[in-house]
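The values are calculated or read from the model by the stated rules, or taken from the named source; none is laboratory data. Worth saying up front: this structure is predicted, and the values here are computed from it rather than measured. Reconstructed Cβ throughout: ideal geometry from the backbone, glycine too, with neighbour counts over all protein chains shown.
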Amino acid sequence: MKKHSKDFGNKEFLLNYTNRRWGLTKTTKVGEVMSLIRECQPKTFEEWENWYFQNAYTKTKARIKITEKTLTELGERLYSKLKEIVIPQIKDAIRNLTYDDCIEYVYNLTIKRTYDGFITEKSVVNDILGKHFTEVLFEESDPKLDHAGDIDYIGKVGKMAFGLQIKPVTANANLGNYDVSARMEQSFKNFEEKFGGKVFTVYSINDKIGNSDIYEKLSKEIERLKKASL
């Protein structure tokens with residue numbers, strides 16, 4: 001089978017990192033690509049390419065038509081971020097990286113960061129969400145279940161439940177840049193089919209919730225599940 005995707009060699013990790021960091025190919029920028037191609041069911045690459053530019057819109061409140069110029073401008077932004085921010089940061093990191101940094105990093109990531117994340121999860125769910133949504137019974141996700149790796153807590157509402165994914169982020173992080181993978185999307189769908197509720201991502205910043213709109217989203221979901229449980 002002929003492949004159309006280009007291999008960028010050792011440049012790819014830089015392009016991938018920068019693209020993810022600034023969310024340049026998120027659905028808010030390039031539309032719901034996988035949904036579009038499944039709707040198109042193309043037999044050729046040319047058919048898909050034409051369909052995309054005819055039907056693609058940004059996934060935003062005010063939808064914007066996506067054109068070839070749109071993708072070119074995103075590529076220009078990628079180049080700018082790489083040259084002005086990412087590459088200078090990488091050069092600085094290489095100059096200052098030490099043997100001890102590598103030893104300490106592995107220990108820190110394995111032991112310390114795991115513990116901090118565990119404590120933060122408990123604080124965000126029990127001390128913040130639990131006190132705000134007193135009618136919900138929050139429980140840690142059973143590690144034996146298929147979705148446990150993607151869903152940290154479940155919130156029980158009657159006979160149904162919604163899921164929570166807790167993402168610890170730095171104070172200067174751009175929360176809009178986080179995208180779930182295709183595997184996680186399937187995991188979330190499986191959870192919803194089993195428990196009836198959707199899965200929500202809660203961003204924790206210094207033991208506080210960074211995405212304040214989560215309260216309204218959860219309130220609506222809780223009310224929906226209450227009615228569905230009757």
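Quick rundown of the values:
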{"item": "Helices (runs of 4 or more DSSP H) fully within the stretch 12-64 counting 2 or more residues that are of a type in the set (V, I, T) and in contact (Cβ under 8 Å) with a residue 24 or more places away in the chain", "result": "27-30"}
{"item": "Subset of the stretch 35-61 (residues that are under 22 Å from the mean Cα position of the chain (by Cα), surrounded by 13 or more Cβ atoms within 10 Å (Cβ to Cβ) and within 21 Å of M1 (Cα to Cα))", "result": "I37"}
{"item": "Candidates E104, E32, E121 - the one that is surrounded by 10 or more Cβ atoms within 10 Å (Cβ to Cβ), over 24 Å from the mean Cα position of the chain (by Cα) and either closer than 30 Å to I209 by Cα or small (G, A, S) (or both)", "result": "E104"}
{"item": "Criterion (modelled with pLDDT of 95 or more, touching a strand residue (DSSP E or B) at 6+ places or on another chain (Cβ under 9 Å) and within 30 Å of G31 (Cα to Cα)) met by exactly one of K65, K69, K83", "result": "K65"}
{"item": "Residue in the stretch 62-75 that is under 30 Å from D207 (Cβ atoms), among the polar types (S, T, N, Q) and surrounded by 13 or more Cβ atoms within 10 Å (Cβ to Cβ) present", "result": "no"}
{"item": "Among the candidates G155, G197, G163, residue that is more than 18 Å from D127 (Cα to Cα), in contact with an Asp or Glu (Cβ under 9 Å, 6 or more places away or on another chain) and at pLDDT 90 or above", "result": "G197"}
{"item": "Any hit, the stretch 77-90, residues being in contact with a Phe, Trp or Tyr (Cβ under 9 Å, 6 or more places away or on another chain), surrounded by 11 or more Cβ atoms within 10 Å (Cβ to Cβ), among the charged types (D, E, K, R) and in contact (Cβ under 8 Å) with a residue 60 or more places away in the chain", "result": "yes"}
{"item": "Residue check for A148: under 24 Å from T25 (Cα atoms), surrounded by fewer than 19 Cβ atoms within 10 Å (Cβ to Cβ) and modelled with pLDDT under 90", "result": "no"}
